[in-house]
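The values are calculated or read from the model by the stated rules, or taken from the named source; none is laboratory data. Computed from a predicted model, the values in this text were never measured in an experiment. Counting neighbours? That spans all protein chains shown, and the Cβs are built from the backbone with ideal geometry, glycine included.
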Amino acid sequence: MSDPTAPSGGAAVAPIVRAEGLTKTHHGEGAPVHAVRGVDLTVRPGEFVAVTGPSGAGKSTLLHLIGGLQRPDSGKLWLDGQRVDEYREARWAVLRRRRIGVVFQFFNLVSNLTVADNVELPALLAGASPRAARESRAELLAELGLEGRDKSMPGELSGGEQQRVALARALVNHPALLLADEPAGSLDSKGTREVLRLLSRFHQRGQTILMVTHDARMASAADRVISFFDGRIADDAELGAGRRSPSGGVSGVLELKE
Ligand SMILES: Nc1ncnc2c1ncn2[C@@H]1O[C@H](COP(=O)(O)OP(=O)(O)OP(=O)(O)O)[C@@H](O)[C@H]1O
Ligand SMILES: [Mg+2]
């Protein structure tokens, strides 16, 4: 398979995500819902991809399939060149701990753990020493403007702050892939700008991001926007390189003041 990101003369760089014919039907109360109907998708290392589309289009289902939170009915999925669609839950759990960070719309912080413990937990679960986990946590919370909040409980933080803690938790193991489902979905416009600024900053440093959003402004921070409609990719557009700075990062439009 040819890969445009392959270094000349070297081995091809595997896409971070490669999906072929992914399909998922939900069987709930009523008629079966064909949420994802044969999706082919490749995400290359370092890309920031936004998935937009109407409510019910299947965006979250697609993200859940890629993060192993739901299993496809058919189709194939590779992460980092490794075939994963047939992994069992235990193997997925290990993969998520080490390689994938996940942020959801409603934070999913553990409400009876402090901010510090919420962020350190995934690092400890992945085998980091308590000291390394502490150091990573302190560094990330400072980076995300949350220094001094490490002893707070999630319920004592604003929505935007909680979402930043969720981002810290998702990034603490330096995941190859960050999956974010409406990461600012429940936030006001200030909170949305904060999350956007942080995602852009991590992207500038090379973080690969696959983000579901209904917010055009959030989507416009990405390199590439996929329009999802009725379980399928209706459009897949690279945004113009002219919008970004020569380093490949996002231009000053998104430089926001605290
Ligand atoms: N666990 C489930 N059981 C039954 N039906 C489901 C389940 N999860 C999702 N669905 C249905 O599958 C379809 C796609 O849902 P999905 O959550 O993927 O959409 P979405 O694009 O993320 O929508 P939104 O923008 O509202 O979050 C919807 O019709 C939804 O009702
Ligand atoms: Mg959704």
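Here the stretch 167-186 is the region considered, the condition is being within 16 Å of ligand 2 (Cβ to nearest atom), in contact (Cβ under 8 Å) with a residue 60 or more places away in the chain and buried (at least 18 other Cβ atoms within 10 Å of the Cβ), and the residue that is farthest from residue 44 (Cα to Cα) is 185.
Residues in the stretch 187-220 that are crowded, with 19+ Cβ neighbours inside 10 Å, hydroxyl-bearing (Ser, Thr, Tyr) and either outside any helix (DSSP H, G or I) or within 13 Å of ligand 1 (Cβ to nearest atom) (or both): 2 in all.
The set of residues in the stretch 80-99 that are surrounded by 15 or more Cβ atoms within 10 Å (Cβ to Cβ) and either free of Cβ contacts under 8 Å to residues at least 60 places away in the same chain or in contact with a strand residue (DSSP E or B) (Cβ under 6 Å, 6 or more places away or on another chain) (or both) comprises 84, 85, 87, 92, 95, 96. Restricting attention to the stretch 42-74, which residues are more than 15 Å from ligand 1 (Cβ to nearest atom) and either in a strand (DSSP E or B) or among the hydrophobic types (A, V, I, L, M, F, W, C) (or both)? Within the stretch 42-74, 42, 43, 48, 49, 74 qualify. For residue 236, the conditions (1) out of contact with any helix residue (DSSP H, G or I) (no Cβ under 8 Å at 6 or more places or on another chain); (2) closer than 30 Å to residue 91 by Cβ; (3) in a loop (DSSP other than H, G, I, E, B) all hold with the exception of (3). No other residue among 215, 188, 181 is at pLDDT below 90, under 17 Å from residue 59 (Cβ atoms) and charged (D, E, K, R) apart from 215. For the structure I just gave you, tell me whether residue 37 is in contact (Cβ under 8 Å) with a residue 60 or more places away in the chain, more than 13 Å from ligand 2 (Cβ to nearest atom) and in contact with a helix residue (DSSP H, G or I) (Cβ under 6 Å, 6 or more places away or on another chain). No. So for the stretch 41-64 (the condition being hydrophobic (A, V, I, L, M, F, W, C), surrounded by fewer than 17 Cβ atoms within 10 Å (Cβ to Cβ) and either more than 22 Å from residue 176 (Cβ to Cβ) or at pLDDT below 95 (or both)), does at least one residue qualify? Scanning the stretch 41-64, I find no residue that is hydrophobic (A, V, I, L, M, F, W, C), surrounded by fewer than 17 Cβ atoms within 10 Å (Cβ to Cβ) and either more than 22 Å from residue 176 (Cβ to Cβ) or at pLDDT below 95 (or both), so the answer is no.
Quick grid of which residues meet (1) charged (D, E, K, R); (2) more than 16 Å from ligand 2 (Cβ to nearest atom):
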site	(1), (2)
188	yes, yes
193	yes, yes
196	no, yes
204	no, yes
208	no, yes
211	no, no
216	no, yes
222	no, yes
234	no, yes
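Taken over the stretch 100-144, residues that are surrounded by 14 or more Cβ atoms within 10 Å (Cβ to Cβ) and assigned to a loop (DSSP other than H, G, I, E, B) amount to 10.
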